[in-house]
1. So, residue 36, is that one touching a residue at least 24 places away in the same chain (Cβ under 8 Å), within 12 Å of the ligand (Cβ to nearest atom) and part of a helix (DSSP H, G or I) or not?
2. Of 53, 20, which residue is out of contact with any strand residue (DSSP E or B) (no Cβ under 6 Å at 6 or more places or on another chain) and either in a loop (DSSP other than H, G, I, E, B) or farther than 25 Å from residue 123 by Cα (or both)?
3. Looking for something more than 12 Å from the ligand (Cβ to nearest atom), surrounded by fewer than 16 Cβ atoms within 10 Å (Cβ to Cβ), within 21 Å of residue 38 (Cβ to Cβ) and within 17 Å of the chain's Cα centre (by Cα) - is there at least one such residue anywhere in the range 118-132?
4. Suppose we filter 63, 144 for residues that are exposed (fewer than 11 other Cβ atoms within 10 Å of the Cβ), more than 10 Å from the ligand (Cβ to nearest atom), more than 17 Å from the chain's Cα centre (by Cα) and within 15 Å of residue 17 (Cβ to Cβ); which single one remains?
5. So which residues in the range 1-13 are out of contact with any strand residue (DSSP E or B) (no Cβ under 8 Å at 6 or more places or on another chain) and more than 7 Å from the ligand (Cβ to nearest atom)?
6. Give the residues of the range 1-14 that are farther than 22 Å from residue 30 by Cβ and surrounded by fewer than 22 Cβ atoms within 10 Å (Cβ to Cβ), sorted by residue number.
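Computed from the coordinates by the stated procedures, all read-outs in this text should not be read as laboratory data. Worth saying up front: this structure is predicted, and the values here are computed from it rather than measured. Please note: Cβ atoms are built from the backbone with ideal geometry, for glycine as well, and neighbour counts cover all protein chains shown.
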Ligand code: ADP
């Protein structure tokens, strides 16, 4: 059976922290689908199409990684794309608490889908899309935390 992982998130925008998880996950899976979850009531700094295009550009030469967007339950999207793993990144205990609930709930709903966690390398612990958005909104320099393809 092919090992297909969904890496779900909002990616508003994708950061070097996300890349740290993805680069280390590439050798572990046959395919990784970066799934941009969106729901019309949640507002984002960057439009879906732009977030998707940046990710396409970053991984254009990596055949095992692609990006798709989805609405609704993550486990339902897993079924649609035949993913048997959900990949998530962990930075600290509060990520752990949050992720543990979601992973255990997903397991109740879909017993055959396993959540897999990678711990970020230490230098990525403080990086999140939300601090990057704060920097951007307030005229700070977000470039060190963004892949070079992310230009706004
Ligand atoms: P969500 O809105 O679902 O939290 P994000 O786009 O913020 O979506 O994050 C997607 C995934 O990437 C999550 O598993 C998150 O923990 C992980 N992630 C984000 N930033 C980092 C980082 N600096 N190091 C490790 N994992 C990270």
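1. no
2. It is 53.
3. no
4. None of the others qualify; the one that does is 144.
5. Narrowing the range 1-13 to residues out of contact with any strand residue (DSSP E or B) (no Cβ under 8 Å at 6 or more places or on another chain): 1, 12-13.
Across the range 1-13, the qualifying residues are 1, 13.
6. Result: 10, 12.
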